[in-house]
Amino acid sequence: MECKICHNFHRKFWCANCIRKNLHSYKVETNQITYDKQKNVDQANKFLSGTMRNIQVNVAEKHAKIQKIRIKCFPAILRSSGSR
Ligand SMILES: [Zn+2]
């Protein structure tokens, strides 16, 4: 800290210039974070409404159906293999 007024860390006092500088850097940082967040939200929304999402849902449904068939047919498979 270059300011002579705010230099003393034991005092909880900031001068107007230092507050202005810190607020400016805080706003710049916050704007960047808000921009990044909005970009990520937009990407997520695009992904969730896009064709890749539909493909993933279809693949998940296919795997669920295969699993259901395996569970349903498992006793028959055991019987045919002779391992009871
Ligand atoms: Zn200061």
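The set of residues in the range 1-24 being surrounded by 10 or more Cβ atoms within 10 Å (Cβ to Cβ) and in a helix (DSSP H, G or I) consists of 17, 18, 19, 20, 21, 22, 23, 24. Residue 78 fulfils the conditions (1) within 35 Å of the chain's Cα centre (by Cα); (2) surrounded by 10 or more Cβ atoms within 10 Å (Cβ to Cβ); (3) more than 16 Å from the ligand (Cβ to nearest atom) except for a single criterion, (1).
Table: residues versus (1) at negative phi; (2) out of contact with any helix residue (DSSP H, G or I) (no Cβ under 6 Å at 6 or more places or on another chain); (3) among the aromatic types (Phe, Trp, Tyr).
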position	(1), (2), (3)
3	yes, no, no
14	yes, yes, yes
22	yes, yes, no
46	yes, yes, no
49	yes, yes, no
58	yes, yes, no
61	yes, yes, no
74	yes, yes, yes
78	yes, yes, no
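For the range 1-59, a tally of residues being within 16 Å of the ligand (Cβ to nearest atom) and without any contact (Cβ under 8 Å) to a residue 12 or more places away in the chain returns 19.
Values in this text are rule-based calculations from the coordinates and carry no lab data. If you're wondering where the values come from, they're calculated on a predicted model, not measured in any experiment. All Cβ positions, glycine included, derive from the backbone under ideal geometry; neighbour counts span all protein chains shown.
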